[in-house]
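Heads up, the thing below is written out as structure tokens.
Each reported figure results from applying straightforward, stated rules to the coordinates on display, with no laboratory input. These figures come from a predicted structure and were not determined experimentally. Ideal geometry is used to build each Cβ from the backbone, glycine not excepted, and the neighbour counts take in all protein chains shown.
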Amino acid sequence: MWIITGIAGVSDQCAGLTGSALEQCEAGTAVGASIGVGLIIFLWAAVDVILGLTYIVYGLTRRQPPST
């Protein structure tokens with residue numbers, strides 16, 4: 001949802017520009033949107049790894065010791 005709203009939010013940033021100003025604005029907008037989407041994906045992956053490690057550590061603490 002964040003990615004969709006982020007991309008939709010930058011779609012109309014260059015209204016009223018023409019010529020080289022329009023081209024520069026579109027290029028800058030594309031770069032900025034790419035950086036934003038990349039950050040969102042990076043944060044999602046980082047949180048996923050942290051939650052996975054937490055799940056593994058919690059599972060190891062709840063494990064029963066082997067009986068002898």
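Of the residues making up the stretch 11-52, those that are farther than 19 Å from Met1 by Cβ, in a helix (DSSP H, G or I) and of a type in the set (Ser, Thr, Tyr) are Ser20, Thr29. Of the residues making up the stretch 28-67, those that are aliphatic (A, V, I, L, M) and closer than 30 Å to Gln13 by Cβ are Ala30, Val31, Ala33, Ile35, Val37, Leu39, Ile40, Ile41, Leu43, Ala45, Ala46, Val47.
Among the residues making up the stretch 53-63, those that are of a type outside the set (Ser, Thr, Tyr) and assigned to a helix (DSSP H, G or I) are Leu53, Ile56, Val57, Gly59, Leu60, Arg62.
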